[in-house]
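Reviewing the structure listed below.
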Amino acid sequence: MASKTKRTELIRKHKKAGSGTKRKAALRNKGTTKSAKVLFKD
């Protein structure tokens, strides 16, 4: 049987995956704002 620590780590890992941690971080860090050229058609 897996140790209590391993079980806890796995639960946390799945919880983070389920809540979309990586996707949310990507949205925060990789800017989604359009450039001035795109917005104002220069």
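The values are calculated or read from the model by the stated rules, or taken from the named source; none is laboratory data. These numbers were taken from a predicted model, which means no experiment stands behind them. All Cβ positions, glycine included, derive from the backbone under ideal geometry; neighbour counts span all protein chains shown.
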**Q.** Residue among LYS37, LYS4, LYS16, LYS30 that is of a type outside the set (Phe, Trp, Tyr) and surrounded by 10 or more Cβ atoms within 10 Å (Cβ to Cβ)
**A.** LYS16
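So in region 1-36, with the set limited to residues that are in a loop (DSSP other than H, G, I, E, B) and within 14 Å of the chain's Cα centre (by Cα), which one is modelled with the lowest pLDDT?
Among them, the one singled out is GLY31.
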